[in-house]
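> Okay, handing you the structure first.
The values are calculated or read from the model by the stated rules, or taken from the named source; none is laboratory data. Just so it is clear, the structure is predicted and the values come from calculations on it, not from any experiment. Cβ coordinates were reconstructed from backbone atoms using ideal geometry, including for glycine residues, and neighbour counts include every protein chain displayed.
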């Protein structure tokens with residue numbers, strides 16, 4: 001199961017990096033912000049994104065002991081979105097020992 005998760009999350013990480021980079025090359029978010037900010041669904045999507053980031057950050061605060069890592073991961077979550085989140089999960093997946101399970105990934109400090 002852990003190996004499957006490593007493969008899935010690695011593929012998702014690469015795909016999201018590709019999507020973000022290709023979109024950045026095609027379109028400048030800052031030039032289009034006034035238009036995008038006027039769309040109700042865009043505003044709702046941003047509220048949804050930050051609600052999810054809050055939940056993921058609270059879980060990460062439980063998992064991490066080091067305050068510096070907590071701050072760094074929070075910045076990465078907010079600035080990189082799913083790329084930061086997937087990166088965090090991948091780091092935790094690759095740090096699991098052979099005898100550890102998904103439960104250890106989710107709840108072990």
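Table: residues versus (1) in contact with a helix residue (DSSP H, G or I) (Cβ under 9 Å, 6 or more places away or on another chain); (2) within 23 Å of residue 11 (Cα to Cα).
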position	(1), (2)
31	no, no
42	yes, no
56	yes, yes
61	yes, no
64	yes, no
69	yes, no
81	yes, yes
84	yes, yes
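> Evaluate the following for residue 25: is it surrounded by 10 or more Cβ atoms within 10 Å (Cβ to Cβ) and assigned to a helix (DSSP H, G or I)?
So residue 25 does not fit the description; no.
> Surrounded by fewer than 13 Cβ atoms within 10 Å (Cβ to Cβ) and assigned to a helix (DSSP H, G or I), is that true of residue 36?
Judged against the criteria, residue 36 is not a match.
> Tell me, please, whether a residue that is farther than 27 Å from residue 102 by Cβ, within 18 Å of the chain's Cα centre (by Cα) and in a helix (DSSP H, G or I) can be found in region 46-64.
Yes, some residue in region 46-64 is farther than 27 Å from residue 102 by Cβ, within 18 Å of the chain's Cα centre (by Cα) and in a helix (DSSP H, G or I).
> Here is a check on your reading of the model: is residue 41 over 18 Å from the mean Cα position of the chain (by Cα), at pLDDT below 90 and in a helix (DSSP H, G or I)?
no
> Going through region 94-105 one residue at a time, which ones are under 18 Å from residue 8 (Cα atoms) and modelled with pLDDT of 85 or more?
Result: 94, 95, 96, 102.
> Can you tell me which residues in region 65-83 are touching a residue at least 12 places away in the same chain (Cβ under 8 Å) and not in a helix (DSSP H, G or I)?
Within region 65-83, 65, 81 meet the criteria.
> In region 1-22, which residues are surrounded by fewer than 10 Cβ atoms within 10 Å (Cβ to Cβ) and in contact (Cβ under 8 Å) with a residue 40 or more places away in the chain?
Across region 1-22, the qualifying residue is only 1.
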